[in-house]
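J.: One structure is given below, represented as structure tokens, and several questions about it will come after.
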Amino acid sequence: MTLPLEMQKEVSHISLLLVDDNSTNLQVLSQILKPLGYKLLFAREGRDALQIAERVKPSLVLLDILMPGMDGFEVCEALKTNSATKDAVVIFLSALDDMDSKVRGFQLGGSDFITKPFQAEEVIARVQTHVAMQQLRQKLLDSNTQLQQKLQLVRHHWREAQQRLAGPLLGESHAIKALWESMEEYGRKEKVLLLTGPPGAPFEAVARAIHGVSERREQPFLRINAKALHGQQSELFEETPPSDSADPERKPVLLELADQGTLLVEHVESLSRESQEALALYVERWQESQNHESAPLWNVRILVSSTHGAHEVFSSTLLHPRLSLLLQGSNITLPSLSQRKQDIPVIAQCYLEQQAKALGKVVHGFSANTEEHLQAYHWPGDVRELENIVGREVALATGPVVSIDTSSLRGEGTLIGGYHLIAKLGEGGMGEVWRARHQWLKREAAVKCVRLTGEMEEETKQVLLQRFHKEAQTTAQLSSQHTVRLYDFGIDPSGVLYYAMELLHGIDLQDMVDRFGPLSSERVCALFMPVCRALAEAHQHSLVHRDIKPSNIFICSLGLDLDCPKILDFGVVKDTTTQTLSHQNLPGHVCGTPGFMAPELIQGNSISGKTDIYALGCVMYWCLTGRMVFHADNPIALLMRHISEKPAPPSKFASSDISPELDEIILRCLNNDPSKRPDALEFFEALENIKFSEPWTRQKSEIWWGEHLTVQRPEFAETIEPSYSFAKTIEASSQQIPPTKVL
């Protein structure tokens, strides 16, 4: 047997122990085995062999039986009873050919016999076979160990998720007890079920509880939000693939993933009529298979939820008639938080403990009058609003006790620099971004804040101070309507660095392409022309953004105008006139994002506005194709490709037509030589000069937003929330890349 190639590479690390009192036999074995590349060890009597084996832990022992002192059987028994050597494979060497000797050898733990005089082919074949088996066994053990570790991690996260979701279902009120009775009743039934309740109600927690008391508890639980599917529903439930499908046996995605388990479809009324009908068809077949005790193709229990009341669901056209009929008589209505006010203190305490643990803060409980305030409030956003308020107050707490007053519950929140913090939009290791409202002007804003705690090193504090000052000053210099506007900046008396910016509603380009796919050429040009002009203004002030990427270009609705791009996050801007950085780099950091960095920025050479143009070309490439200019397994390899390679034109990868003119201008932006790139205004003019037979219009924007995003701004909207890319990574705008001054 020949070892597999990957094992041949490892043979030099494999030790074989040869034990025989006859030196001639040892010499013969050495001549046979040495060419194979194994590490060979020798012993001429049993006790020496045991000492060597305990020290070296050989993979295989070739062991003579008839030896003076300890014979081979005694040595084998000692090897197998020692935890350090018990895994070694033992092959006996003997001229004995009687059956009793072989049986005894196997009983003691031996794996094989080689008969003297030795035949080279037999020795090689048996040794290689057992080495291969030993290596495969070790790989299997290692794999099992890794799987056990992963399983423990999954179980840990599952327990944490269960604890997090258990909070809304705590309490002793009559309403929650009745809900538990309903959950246990429906948990025992294999029926489709409709959950209704107010916005912010704990639908997932209830669905998981039902799943947990059912016979499916050990099987998958899958949850989807129909509002977030954004038209990509066609393959979720349908059992018949389209005529042009390459896979005639393709399975519906959700049913396959949730097979044998439970699927929760939240906001079921947001499913398309076709998907609702397909879901109803599946439920009918599933129920029919239960009645006839036949095995369905997929066995998934369906739970659906809606924030509309049960009466409205069944009496309106929200649901397909087929699905509505199936849900008749199978409904649980979740009580609102205002209907179970006595449960509020225990739920709030649960959320407090969870948030304190997540933030690593020592917070024990609430002030004396907080419970009274919580129970007096009407909770229009139900338990989600309670969780948000408690999370906000825990994050901002400076002591072990959290106090929530009526102003916080009215949506005014904690006051920072004249702004009431209302809801957290994002957080990172060093700070947070909040939706806020000015206490006098009542104008909404996004407030970015970082608390300078006494635990921080002085150097870290100075870095944060310089970063905040420069970012605020830079943003304030720019007046383009396509640069996010700064309202205020300062340091609160409580030690919080903050600045307030306009609150945007919409989606960044990263999420837009991830969720809805690449954009058309005409729309990309329409979006990027104002971005070019906004960058041109910054470059005229000798400011280089240095971190242009899809998540830093936000497409928002402003008043009645849609598709308005805004450049975000000037946290790593560089002033090329003073050579000062707004982002003071920490050791081992390079400013920028690897997939969008210009070669001169990577190499530490002098930069200019054309450094941003390179990044903007990368972003356009992403928007048109849904892929980055270059791909690599790690950041360093990716940076090297930006330095040394020329990109393929985006038209090679785009699903829609890209004109040669657009290909050419993007490739010019991606030129390794900055002098051959256009500046921002030249880029704008080049895009402006591209003519389309059907240009992107305001009417097209309105249609797209109407189909994909909700422009309304309800207090507790679940579709289009205010968002900022920098809210996702507050800790640092730069990426943690090893220094790359010289490559």
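J.: Could you point to the residue in Gly329, Leu352, His311 farthest towards the positive end of the range 311-374's charge dipole, with +1 and -1 charges on the Cβ of Lys/Arg and Asp/Glu respectively?
T.: Result: Gly329.
J.: Expressed in nm to one decimal, what extension gain is obtained for the pair Gln260 and Leu558 from 0.36 nm per residue of sequence separation less their Cα-Cα distance?
T.: Extending this stretch completely gives an extra 102.6 nm.
J.: At a Förster radius of 41 Å, what calculated FRET efficiency corresponds to the Cβ-Cβ distance of Gln146 and Ser675, to the nearest 0.05? Let's see the in-between values first.
T.: Details: r = 52 Å, r/R0 = 1.26.
The formula returns an efficiency of 0.20 here.
J.: Near Ser608, within a Cβ-to-Cβ distance under 9 Å, what is the net charge of the other residues, with Lys and Arg +1 and Asp and Glu -1? Numbers along the way, then the final one.
T.: Working: positive: Lys610; negative: Glu600, Asp612, Asp679.
Counting the neighbours of Ser608, the net charge comes to -2.
J.: Could you check the simple spin-label distance between Trp180 and Asp21, using points 7 Å along Cα→Cβ, in nm with one decimal?
T.: Here the modelled spin labels are 7.6 nm apart.
J.: Between the range 507-544 and the range 591-625, how far is it from one alpha carbon centroid to the other, in angstrom?
T.: Cα centres, the range 507-544 to the range 591-625: 13 Å.
J.: Given a Förster radius of 60 Å and the C-beta distance between Lys652 and Ala95 as r, what FRET efficiency does 1/(1 + (r/R0)^6) yield to the nearest 0.05?
T.: 0.25
J.: Provide the packing ranking of 321-328, 621-628, i.e. peptides ordered by the mean count of other C-beta atoms within 10 Å per residue, highest first.
T.: 621-628, 321-328
J.: With a point put 7 Å past each Cα toward its Cβ, work out how far Leu170 is from Phe692 in nm, to one decimal.
T.: Here the modelled spin labels are 5.3 nm apart.
J.: I'd like the Karplus ³J(HN,Hα) series for the range 642-651: coefficients 6.51, -1.76, 1.60, θ = phi - 60°, whole numbers in Hz, and an x wherever there's a Gly or Pro.
T.: Result, rounded to whole Hz: 4, 7, 10, 10, 9, x, 6, x, x, 4.
J.: Long-range amide H contacts for Arg217: which residues qualify at under 5 Å (H placed 1.01 Å from N, peptide plane, sequence gap of 5 or more or a different chain)?
T.: none
J.: OK, next. Per-residue counts of other Cβ atoms within 10 Å, averaged by peptide: what ranking do you get for 444-450, 209-215, 65-71, highest first?
T.: On the way: 444-450: 24.0, 209-215: 18.6, 65-71: 15.7.
Top of the packing list down: 444-450, 209-215, 65-71.
J.: Assign one of three labels to the range 340-502, namely rounded, prolate or oblate, based on the Cα gyration tensor with a ≥ b ≥ c the square roots of its eigenvalues; rounded applies when a/c is under 1.5, prolate when it is not and a/b is larger than b/c, and oblate otherwise.
T.: Because a/c hits 1.5 or more and a/b fails to exceed b/c, the range 340-502 counts as oblate.
J.: Right, something else. Please compute the modelled spin-label separation between Asn82 and Lys189, points set 7 Å along Cα→Cβ, answer in nm with one decimal.
T.: 6.8 nm
J.: Now for a separate question. Which ³J(HN,Hα) values in Hz, rounded to whole numbers, follow from the phi angles of the range 45-56 under the Karplus curve 6.51 cos²θ - 1.76 cosθ + 1.60, where θ = phi - 60° and Gly and Pro get x?
T.: Listing the rounded values in order: 7, x, 5, 4, 4, 5, 5, 5, 5, 5, 7, 9 Hz.
J.: From the phi angles alone, apply the Karplus equation (6.51, -1.76, 1.60; θ = phi - 60°) to the range 69-81 and give each ³J(HN,Hα) in whole Hz, x where the residue is Gly or Pro.
T.: My calculation for the range 69-81 gives x, 7, 7, x, 5, 5, 5, 4, 4, 5, 4, 6, 8 Hz in order.
J.: Too long at a 27 Å Cα-Cα cut-off: which of Lys191/Lys341; Lys39/Lys139; Lys424/Lys610?
T.: Lys191/Lys341; Lys424/Lys610
J.: On full extension of the chain, what length is gained from Glu371 through Gln466, given 0.36 nm per residue of separation minus the C-alpha to C-alpha distance? Please report the intermediate quantities before stating the final value.
T.: Values: separation 95, 0.36 × 95 = 34.20 nm, distance 4.09 nm.
Answer, rounded to one decimal: 30.1 nm.
Coordinate-derived values only; no laboratory data. As the structure is a prediction and not an experimental result, all values here were calculated from the model. Quick reminder, even Gly has a Cβ in these numbers, built from the backbone with ideal geometry, and neighbours come from all protein chains shown.
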